[in-house]
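Data first, discussion second: the structure below is written as structure tokens.
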Amino acid sequence: MISLDRARGSNPLITVLLFIGRGTLGFVGNLGAMGVFFSIAFINIFRRRQLRQIVNQVFYIGARSSLIVLLVGLFTGMVLGLQLFYSLVKFGSAGALGSAISLSLVREMGPVLTAIMITARAGSGMAAEIGILRISEQVDALYTMRVDPVRYLISPRIAASIISFPLLTAFFDLIGIIGGYLTGVLLLGTNGGTYFYRVQSSLSMVDIRGGFIKALVFGAIVSCICCFQGYFCHMRTDGYGAKAVGLATVSAVVLSCVMVLITDYVVTSFLM
């Protein structure tokens, strides 16, 4: 029987299969590790003496991200109003502008764009902060003081994300609908009463509930990925020290954004 290295050198197909297999095994292993990591951190949320840390993280993740979320929501609604108006006019349905904007924001764009904006601002900060604590051996110091690092560092961030994502999504949806009003009514001359009537009549609790479910799921996923990447940055094989923190931060943001889009499709398929 020929050796694996000899077979790999003689057959490019085996090289490709080895690459795919190793990547698949690594992905499944990391997915399982993140599942265990999230489970332990989530259980620790309900332990005592967590309220102050959770409030601090809600301020950092939620309140400090509100300005960028509202700004993006405003211009998203304005762009939607501009684009959808000219599309609907071609079919004689300009009066349905309010329905199109509100449903687009509440069902899809609100939760997704909010999650991506929070990932870019707060998620990267979480990964970098925890990564610096790890490489400076402050996490090991917590172990020495008999303090659980997962409970002290990770659980408040996951709880704060689960709280902040739905709240910021609601603000995004509201300001986006106002942005659509500014463009569609004040700029393009659509009837204001018709616009808000369409918003009210088209939105149902099913749509709103679906948007909040997505926001909750995105909050759990983004916080878990960002904290996981920072917490285990010292185990990376492609860098160490400050480089490992930078790579972990980049991986956290990219992977979070990709997982938000993938999860959006999965959750939407279940909610339809």
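Side notes on the structure shown:
- All conditions in (1) free of Cβ contacts under 8 Å to residues at least 60 places away in the same chain; (2) loosely packed, with under 12 Cβ neighbours inside 10 Å; (3) farther than 18 Å from Cys233 by Cα hold for Arg47, with the sole exception of (1).
- Thr268 being among the β-branched types (Val, Ile, Thr) and farther than 22 Å from Ala159 by Cβ: yes
- Options Leu167, Leu182; residue that is under 29 Å from Ile40 (Cα atoms), of a type outside the set (D, E, K, R) and either in contact with a Gly (Cβ under 8 Å, 6 or more places away or on another chain) or loosely packed, with under 15 Cβ neighbours inside 10 Å (or both): Leu167
- Checked against (1) more than 11 Å from Ile135 (Cβ to Cβ); (2) at pLDDT below 90, Arg236 passes all but a single condition, namely (1).
- Test: residue in segment 78-90 that is modelled with pLDDT of 85 or more, in the same structural domain as Gly123 (by TED's automatic domain parsing) and basic (Lys, Arg): no
- Within segment 213-231, not a single residue is of a type in the set (Gly, Ala, Ser) and either over 23 Å from Gly125 (Cα atoms) or assigned to a loop (DSSP other than H, G, I, E, B) (or both).
- Failed criterion for Leu105 (all others in (1) in a helix (DSSP H, G or I); (2) out of contact with any Asp or Glu (no Cβ under 8 Å at 6 or more places or on another chain) hold): (2)
- Listed conditions (1) in a helix (DSSP H, G or I); (2) at pLDDT 85 or above are all met by Arg146, apart from (1).
- Test: residue in segment 192-202 that is surrounded by fewer than 23 Cβ atoms within 10 Å (Cβ to Cβ), outside the structural domain of Val36 (by TED's automatic domain parsing) and among the charged types (D, E, K, R): yes
The values are calculated or read from the model by the stated rules, or taken from the named source; none is laboratory data. Please read these numbers as outputs of a predicted model, since none were measured by experiment. No Cβ is skipped: glycine too gets one built from the backbone with ideal geometry, and neighbour counts run over all protein chains shown.
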